[in-house]
Every structure is written in structure tokens, then in C-alpha cells.
Amino acid sequence: MKPHTDKSNMMMNTTLNQLRGLRLETMAQALEQQLTQSGISAMSFEERLALLVDREVHGRQDRRCARLLKSAKLKYPQAAIEDLDGRSTRGLERSAVMSLALGEWVKCGHAVLITGPTGAGKSWLACALAQHACRRGHSALYQRVPRLGEELRVRHANGTFTRWLDTLKNTDVLLLDDWGMAAMDSQTRADLLEIIDDRASHRATIITSQLPIEHWHEWIGDQTMADAMLDRLMQSHHRFTLTGESLRKKSPPAKGKIDN
């Protein structure tokens with residue numbers, strides 16, 4: 001009996017090593033757990049295999065989600081639509097946000113425009129939408145518009161602008177926070193138009209701003225570019241206008257629900 005047991009152990013160790021060699025680490029861990037479970041012998045081979053494959057699939061999904069969230073660099077990475085504060089004083093309908101989050105806005109390349117006074121919850125809502133997109137397997141990237149000009153100047157100077165433009169073009173959700181907060185120079189304006197033009201109707205864009213949309217033309221500063229920029233953003237868009245007292249005046253809520 002002992003030789004048979006030794007042979008079985010050797011075969012199992014070989015199988016575990018092969019699974020890890022194939023980068024199926026989660027499946028290998030699940031198999032090791034099965035070997036310690038006394039009732040596992042009552043299950044059929046097909047049932048045990050299905051459990052192993054299921055663990056591997058979910059493990060890969062979890063790791064991909066973690067990578068996407070890390071790459072997104074969200075201001076509020078823990079923001080989640082499940083924690084949405086839907087009080088009527090904020091002018092926000094929870095059903096509208098949930099319908100958007102669970103819809104096809106990312107795949108369809110829609111824009112989401114979120115406006116309201118400081119502290120109303122714009123950045124938190126934007127991050128929650130981007131975070132949910134990551135959980136559904138989409139890539140995202142957070143950018144503060146006031147710092148965008150400096151970022152663009154550096155990339156023009158070191159020769160990485162074209163490559164970065166391609167990265168933005170292929171990112172599923174681009175979050176532009178604090179739109180309209182600082183004046184733009186002509187180069188930043190031209191670059192921003194290039195970014196928006198690349199994404200129009202193909203990739204989703206979220207914009208937060210204290211400025212009402214009707215004042216965006218004036219902030220952009222050049223009527224021709226403003227017309228082109230806003231025409232692309234307005235082709236297919238969803239709009240949320242937040243109201244109410246600043247959340248910063250209250251006790252810090254759970255899970256990072258503090259916002260711009």
C-alpha cells in the first residue's frame with residue numbers, strides 16, 4: 001500500500017508543479033485545498049474539475065481588476081456606487097446613476113458630465129463610476145485638468161507625448177477632474193482637443209466641473225476649439241448636476257466618501 005501512496009504523492013506533486021509552471025497558481029492552491037478536505041472523495045471528477053476551473057477564472061478576474069484599479073490612479077479608489085449617497089438635496093437620483101453604471105456607456109464611448117459646487121460629491125461620483133468600470137474589466141485613468149498642462153509640457157519636451165496620446169486613446173474611461181478650474185494656454189487647449197477628438201464616440205470620458213456647462217465655452221477661450229471640443233463631448237452624453245451643502249462640512253464618511 002505504501003508504494004502506491006508514494007507514487008500518488010509524486011504524481012500529485014508533479015501536477016501541482018506543472019499547474020504553477022503554466023501560471024495556474026490559483027488552481028494549484030485550490031487543488032491543494034481539495035486534498036485536505038475529507039469529503040472531497042464523494043464528488044465526481046467532473047465536479048472537482050469544475051470547482052478548480054471556477055476558482056482559477058475568478059482568481060484571474062480579481063487580479064485583473066486589481067491591476068486596472070492600480071493603473072487608474074483614482075483620487076478615491078475605494079469609491080463604489082454601492083455606497084452612493086442619494087439624498088434628494090444633492091440633486092442626484094440613485095436610479096439614474098445605477099442605470100448608467102450598469103449600462104453600456106463605456107462600450108458605446110459616451111461622455112458623463114458632472115457639475116456642481118465645491119464639496120458636492122463630483123469627484124467621488126466620478127471615481128465610483130470609473131471604479132465600477134474597472135470591476136467590469138475596463139481600463140480607466142484619472143487626470144486633474146489643472147495639472148494637465150504641466151504634464152503635457154513635460155511629455156512634449158521628453159518626446160513621450162505621441163505615445164501617451166495613444167495610451168489615452170486606448171483607455172476605456174478617461175476621468176478629467178476639476179475641468180475649468182484653471183486657465184489654459186494655447187498648447188494645452190490644442191492638446192486637450194486632440195485627446196477629446198481621439199476618444200469621441202469610441203471611448204468613454206468623465207468630466208467633473210464647478211463651472212456650469214453653459215460657461216465652458218468661455219473657459220476654453222477659443223470659440224472654434226470650444227465648438228469642436230464640446231460638439232464631440234455632447235454627441236452622446238449623460239449629465240448630473242449636484243447640489244446641496246458641501247460634504248466637507250460634515251464628519252468624514254466611511255470608505256473615502258469625500259469629494260470635490
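Residues in the stretch 20-47 that are in a helix (DSSP H, G or I) and either hydrophobic (A, V, I, L, M, F, W, C) or at positive phi (or both): 27, 28, 30, 31, 35, 40, 42, 45. The set of residues in the stretch 140-178 that are acidic (Asp, Glu) and within 22 Å of residue 129 (Cβ to Cβ) comprises 172, 177, 178.
Across the stretch 48-82, the number of residues qualifying as assigned to a helix (DSSP H, G or I) and closer than 30 Å to residue 94 by Cβ comes to 14. In the set (1) among the charged types (D, E, K, R); (2) more than 30 Å from residue 91 (Cβ to Cβ); (3) within 12 Å of the chain's Cα centre (by Cα), residue 151 fails one condition alone, (3).
Scanning the stretch 121-132 for residues that are over 15 Å from residue 239 (Cα atoms) and in contact with a helix residue (DSSP H, G or I) (Cβ under 8 Å, 6 or more places away or on another chain) turns up 124, 128, 130, 131, 132.
Identify, please: which residue in the stretch 216-252 is of a type outside the set (S, T, N, Q) and closer than 14 Å to residue 125 by Cα and is, among those, modelled with the lowest pLDDT? Reasoning before the result, please.
Within the stretch 216-252, the subset of a type outside the set (S, T, N, Q) is 216-222, 225-234, 237-240, 242, 244-245, 247-250, 252.
Those still in the list that are closer than 14 Å to residue 125 by Cα too: 238-240, 242, 247.
Working: 238: 94, 239: 93, 240: 93, 242: 92, 247: 63.
It comes out as 247.
Restricting 130, 120 to residues that are part of a helix (DSSP H, G or I), among the aliphatic types (A, V, I, L, M), in the same structural domain as residue 213 (by TED's automatic domain parsing) and crowded, with 20+ Cβ neighbours inside 10 Å narrows the list to 130. Just one of the listed residues (17, 9) is outside the structural domain of residue 242 (by TED's automatic domain parsing), modelled with pLDDT under 85 and either in a helix (DSSP H, G or I) or surrounded by 16 or more Cβ atoms within 10 Å (Cβ to Cβ) (or both), namely 9.
The values are calculated or read from the model by the stated rules, or taken from the named source; none is laboratory data. Note that the coordinates shown come from a computational prediction; the quantities given were computed from them, not determined experimentally. Backbone-built Cβ (ideal geometry, glycine too); neighbour counts: all protein chains shown.
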